[in-house]
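Participant: Pasting a structure here, questions to come.
The values are calculated or read from the model by the stated rules, or taken from the named source; none is laboratory data. Just so it is clear, the model here is predicted, and its values are computed rather than measured. Neighbour counts are summed over all protein chains in view; Cβ atoms, including those assigned to glycine, are modelled from backbone coordinates with ideal geometry.
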Amino acid sequence: MEFALIVPIMLLILLMIVDFGLAMDRRVLLQHAVREGARLGATGANAMEITEVTADQAGMDPGAIIVTVCYLDMDLDGDAGELGESVRVGAIVTHRFTTGGNEILSAFGVPAIEIEMTPVADMRLEQRVTGGTAC
Amino acid sequence: MLSDFRLGSVEGGQAILVFLIMLTVFLAIAAIVFDLGLWVSERRGAVKDADAAVFAGVQALVNDPADLIGARDDAAEWAQLNGIPTAKIDPGRQSGCSPDNSCINADSTGCDSVRPEAPWIEAKIRHEGKALFSSSFGVTGPDVGSLARACVGSPTGYSGLTPFAIETEFAAPPNGPAETGTQCQNNLDDDASGPDGVVDDGCPLSDCMEPNVPANPNEMRVAYGSVCVLREPNAAGLSGRLNLISNGCSQNGGGNMEHEFHYSSAGTCYVGSQVDIASGNSNDLFAGLAQRLDDEIDNGLCDARFGDNDDFDDFAEVFSIVGSDPSEIIVPSATGNVFADNDCAIDCGPAPLLGCPGDISSHRHHYLPRALDLVLVNRLQPSSGTATITGFTRFYLIGCYPAADAEATKQFIGEPIPVRYDEALNRCDTLTGDDVVIGVPIRSLAPAIEVKNPNRNLPLSIILVK
């Protein structure tokens, strides 16, 4: 009887640990993904290619991640994307704890927990890029 | 009685005890997972910041290996853009960081044991690991920062090659310095190998070759901006064509050389590896190049980009000087210019891309019809059947002509070539034994070169070593 009461609580804690581990994994993956995207952007790739690679490196469907690509006009001459300026690649992902802990909490009326992850990477342009969006 | 006593009075509440023990263990595990997770995440962020810093800083060293201050400042600027406060970066070049700070170091030599002559830059980026739970037990967050080092080096491999070779290992012409342009009229056996037609018998490759280093007059390199005859018929049946399939450079199905002259090879070739020499007629060469030029008319983007629309990709439409306005009128020069591709390569392959006409493979092709990326080899010897790759060089394709027209064309073009020339001469459609191919060397792609080679047409690459 007591054990039957305790098991769900233990299970909940266990699932929350798993949930948190997965969230950390996602965060690390996203940091890696924006780094790879920015590196690709630095070599002259266009925004579509950068977005594709960033989503791929994050291991996510393109619909589940918002990738932002813009270019810093560092010399303030109105022309962003010149050689030596910076490409900024960011990702916006809303991570929802879903492995189990969240559902169990939801069953007790606790709102689903979501966190927004927004890693950003800046890399210096090694090729001139035309037609990019200024930051 | 004993068992009754145990059941009735002692065993109650055991599960609570187990629960408390397990809860303690679980919470401890949760705390460890939480803090370690944060440290790993911080560590990944530090790797990103360090990479961005050294990639930015090393670009200054590519332009000038002695510009250590510029490299350091650029690295610091990008570290700051990635979230490292300026106040947290030690000033100047530091091999060791002050407590709690990041630091950057650079030097003109000593990258590593493989590249002892290469300049390098190193960034030690400090990220403090957050200790949320472990701080309760007096554990402070560790420095989970990252160290990155980038060097300037020579690229050693290249893909997207036209299977066509140029010799580099022959003696400098004994009858004077390497010939260029209209100097090529003496019809001497310049490579001293007999009248084999392979190198320089008449008006040949050595038109655009020069000694690679003064200390080694038997090793040549292309002279950028000169007009080259890339292929000359010879009695041995060698025309510089290569079979890239044999050493894994090519991944195109069937090793169809006409296809590779058209779309370029899909594999990567490396300096120092062996490659098979092809012999026989050059019909595949001319057919493949003719298809390239047909693509220029049908699918070319350079003309459209610059509003010329004459179905002919002028030099200035295909290339621009690095860092300059792409629409700027330029002419190739033997010194001082480093050319970048303008963004007008044809991109075709499996859907949703544009279909590739006559494609026999399922590869994605990305090529500039006017740009031939050729293979430099040591020797094209009829007896050996193989050659060693010494580098790769990009050429601007002028066209293919009967031999007599080629000489006239070359003299007409002179040096430097004008932006436009007669379209009527621009063809690769004479499938006979005496066609020649003319091109202008644009830049070296992946040679085995010295890092500090003063020739600015020789590219250097950035190598992340840590």
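Participant: Please indicate, with yes or no, whether at least one residue in region B:317-331 is part of a loop (DSSP other than H, G, I, E, B), among the polar types (S, T, N, Q) and at pLDDT 80 or above.
Facilitator: No - not one qualifying residue is present in region B:317-331.
Participant: A follow-up question, please. Return yes when A:D79 is modelled with pLDDT under 85 and under 17 Å from A:G44 (Cα atoms) and no when it is not.
Facilitator: Yes; evaluated as a whole, the condition is true for this residue.
Participant: Can you tell me which residue in region B:63-77 is nearest to B:V152 (Cα to Cα), limited to those that are more than 9 Å from chain A (Cβ to nearest Cβ) and buried (at least 24 other Cβ atoms within 10 Å of the Cβ)?
Facilitator: B:A71
Participant: Working only within region A:83-119, note down all residues that are among the charged types (D, E, K, R) and at pLDDT 85 or above.
Facilitator: If the condition is that a residue be among the charged types (D, E, K, R) and at pLDDT 85 or above, then A:E85, A:R88, A:E116 are the ones that fit.
Participant: Separate question: Looking at the structure I just gave you, is B:A60 more than 30 Å from A:F3 (Cα to Cα), facing chain A (nearest Cβ under 7 Å) and within 23 Å of the chain's Cα centre (by Cα)?
Facilitator: Taking the combined requirement at face value, the residue does not satisfy it.
Participant: Now a separate question. Based on what the data block shows, is B:S95 of a type in the set (S, T, Y), at pLDDT 85 or above and within 38 Å of the chain's Cα centre (by Cα)?
Facilitator: Here the answer is no, as B:S95 does not meet what is asked.
Participant: Taking the condition of being at pLDDT below 85 and either under 13 Å from A:M16 (Cβ atoms) or among the aliphatic types (A, V, I, L, M) (or both), how many residues in region B:16-26 meet it?
Facilitator: Residues meeting the conditions: 7.
Participant: Just to confirm my filter: which strands (runs of 3 or more DSSP E) fall fully inside region B:108-161 and include at least 2 residues that are surrounded by 19 or more Cβ atoms within 10 Å (Cβ to Cβ) and either in contact with an Asp or Glu (Cβ under 7 Å, 6 or more places away or on another chain) or of a type in the set (A, V, I, L, M) (or both)?
Facilitator: Output list reads B:120-125, B:146-153.
Participant: Quick check on this structure: which one of A:A91, A:A134, A:A121 is in contact (Cβ under 8 Å) with a residue 60 or more places away in the chain and touching a Pro at 6+ places or on another chain (Cβ under 7 Å)?
Facilitator: A:A91
Participant: Looking at B:A50, B:A71, B:A75, can you tell me which residue is within 22 Å of A:R39 (Cβ to Cβ) and either outside the structural domain of B:V144 (by TED's automatic domain parsing) or touching a Ser or Thr at 6+ places or on another chain (Cβ under 7 Å) (or both)?
Facilitator: B:A50
Participant: Please go through (1) modelled with pLDDT of 85 or more; (2) within 14 Å of another protein chain (Cβ to nearest Cβ) for B:I89 and return the number of the only condition it doesn't satisfy.
Facilitator: Single failed check for B:I89: (2).
Participant: Another question, if that's okay. Quick one: count up the residues across region B:14-57 that are at the interface with another protein chain (Cβ under 7 Å from one of its Cβ atoms), of a type in the set (S, T, N, Q) and exposed (fewer than 14 other Cβ atoms within 10 Å of the Cβ).
Facilitator: So the answer is 0.
Participant: Looking at region A:1-21, I want the residues that are facing another protein chain (nearest Cβ under 9 Å) and have a partner that is among the aromatic types (F, W, Y) with Cβ atoms under 7 Å, at least 6 apart or on another chain. Which pairs are those?
Facilitator: Sorted first by the residue in region A:1-21, then by its partner, the pairs are A:I6/B:F19; A:M10/B:F26; A:I13/B:F26; A:L14/B:F26; A:F20/B:F34.
Participant: What number of residues within region B:101-124 satisfy the criterion of being at positive phi and touching a helix residue (DSSP H, G or I) at 6+ places or on another chain (Cβ under 7 Å)?
Facilitator: 0
Participant: What residue, among those in region B:427-447 that are modelled with pLDDT under 70 and surrounded by fewer than 22 Cβ atoms within 10 Å (Cβ to Cβ), is nearest to B:F339 (Cα to Cα)?
Facilitator: B:D429
Participant: Provide a single number: the residues in region B:42-74 that are at pLDDT 85 or above and within 22 Å of A:L40 (Cα to Cα).
Facilitator: Looking only at that region, the number is 21.
Participant: Pick from region A:26-38 the residues that are at the interface with another protein chain (Cβ under 7 Å from one of its Cβ atoms) and basic (K, R): which of them is surrounded by the fewest Cβ atoms within 10 Å (Cβ to Cβ)?
Facilitator: Per the stated criteria, the residue is A:R27.
Participant: From the list A:A64, A:A134, exactly one residue is surrounded by fewer than 16 Cβ atoms within 10 Å (Cβ to Cβ), of a type in the set (G, A, S) and in contact with a Phe, Trp or Tyr (Cβ under 7 Å, 6 or more places away or on another chain). Which is it?
Facilitator: A:A134
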